[in-house]
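Enquirer: Take a look at this one; I'll ask things after.
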Amino acid sequence: MEDPSQIILDRIFGAFKPCIEGFVYCKPILQVDGTFFTGKYTGTLLLARSQDGNKRVFPVAFVIVEGETKEDWEWFFYNLKTYVTPQENLCIISDRGTSLLAALRSHELMRPQFERMLNSLRQKNARTEAWLDRIPKEKWSQTYDEGGRYGHMTTNLAECINGFLKGSRALPITALVRATYYRLDECFNEHRNEASNMIMEGHVYCEELTKVIEENQRKSTCQMFRNFSRETGVSEVEVVSRSGGRQVRLYTVKLADNWCDCGEFQSLLTSEAVSRSIATCASSNLDCGQFIPTIYRLDNLQKVYGYEFQPLGNEEY
């Protein structure tokens, strides 16, 4: 017989207000995965995390459940969309676990080179061909995702978050939540102060992108370009192959459309694409900064970590 005085914990969904507010200024991606508790208490921790413009892991929400079942994932995604991430067009990246995919369904490189490699794969393995053709290309390839995944092909942020939670997964639930809260407060303060200091020093972009821009400004001086339209920024750029030799590749860049026929510019602003855009901007006397997404700016990074955590206070209050 059940004891009415006893309350049995079924599931816990958690998301801290600073994380909810900060996610608005992160990359519009969510990596979701599960990890086991390691101590006396059994169960599973389901996590949703994103990434800021400086390539740092940004925890968004978590759920404590008994296991990774379809029902648990459904409950996680329902609460995630309802209370934390109501934004449209978010890219969700997962390990394609069976239960996770079932829950999602209940809610509803250069392309020529990509196609050549895909056709070669199909010819070698008929089973692989049948499996791949069941999945829309935009769900698993950077070539066709139009930049939705910002270059993320795996749930590798999980490794970073496991380091973040090191030691916490063996704690009781209340202690786990409290430890996570205080750890996030430290990270928010650290990253907020770092962004403010860099702005005071005259920097505009995050450290990671600043390195890319400086490197590609150097590369762009070695590239040849033909300017077809200064008004729309249409140019043809000659790039010497990275594999050596004298092989030269031609790329068409359309700055007004944030487009390069390699697919990299519109998908990620990768280093090679940035170098071509810098060369095009230089030829047209344009500021390349206007073609770089605001997510990589330091003033945006300040907003990611701008909402402050508050003291928890004594339980008696």
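The values are calculated or read from the model by the stated rules, or taken from the named source; none is laboratory data. The shown structure was predicted, so the numbers you read here are calculated from the model rather than taken from an experiment. Glycine also receives a Cβ, built like all others from the backbone with ideal geometry; neighbour counts cover every protein chain displayed.
Enquirer: So, T174, is that one among the hydroxyl-bearing types (S, T, Y) and either modelled with pLDDT of 80 or more or assigned by TED's automatic domain parsing to the domain that holds A48 (or both) or not? Break it down stepwise before answering.
Expert: Numbers: among the hydroxyl-bearing types (S, T, Y): yes; either modelled with pLDDT of 80 or more or assigned by TED's automatic domain parsing to the domain that holds A48 (or both): yes.
The answer is yes for T174.
Enquirer: Still on this structure, please answer the following. Just give me the residues in the stretch 1-34 being among the aliphatic types (A, V, I, L, M) and part of a loop (DSSP other than H, G, I, E, B), in sequence order.
Expert: As a first pass, look at the stretch 1-34 and keep what is among the aliphatic types (A, V, I, L, M): 1, 7-9, 12, 15, 20, 24, 29-30, 32.
If the condition is that a residue be among the aliphatic types (A, V, I, L, M) and part of a loop (DSSP other than H, G, I, E, B), then M1, I7, I8, L9, A15, V24 are the ones that fit.
Enquirer: Hey, T252 hits all of (1) modelled with pLDDT of 70 or more; (2) closer than 27 Å to V60 by Cα but one; which does it fall short on?
Expert: So the condition that T252 fails would be (2).
Okay, residues lined up against (1) at pLDDT 80 or above; (2) in contact with a helix residue (DSSP H, G or I) (Cβ under 6 Å, 6 or more places away or on another chain); (3) surrounded by 18 or more Cβ atoms within 10 Å (Cβ to Cβ):
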| residue | (1), (2), (3) |
| --- | --- |
| G244 | no, no, no |
| C262 | no, no, yes |
| D287 | no, no, no |
| I295 | yes, no, yes |
| G306 | yes, no, no |
| G313 | yes, no, no |
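Enquirer: To continue, here is another question. From the list L157, L184, which one is in contact with a strand residue (DSSP E or B) (Cβ under 8 Å, 6 or more places away or on another chain), modelled with pLDDT under 65, closer than 30 Å to G43 by Cα and surrounded by 14 or more Cβ atoms within 10 Å (Cβ to Cβ)?
Expert: Answer to the selection: L157.
Enquirer: Give the residues of the stretch 53-72 that are surrounded by 23 or more Cβ atoms within 10 Å (Cβ to Cβ) and either charged (D, E, K, R) or assigned to a loop (DSSP other than H, G, I, E, B) (or both), sorted by residue number.
Expert: G53
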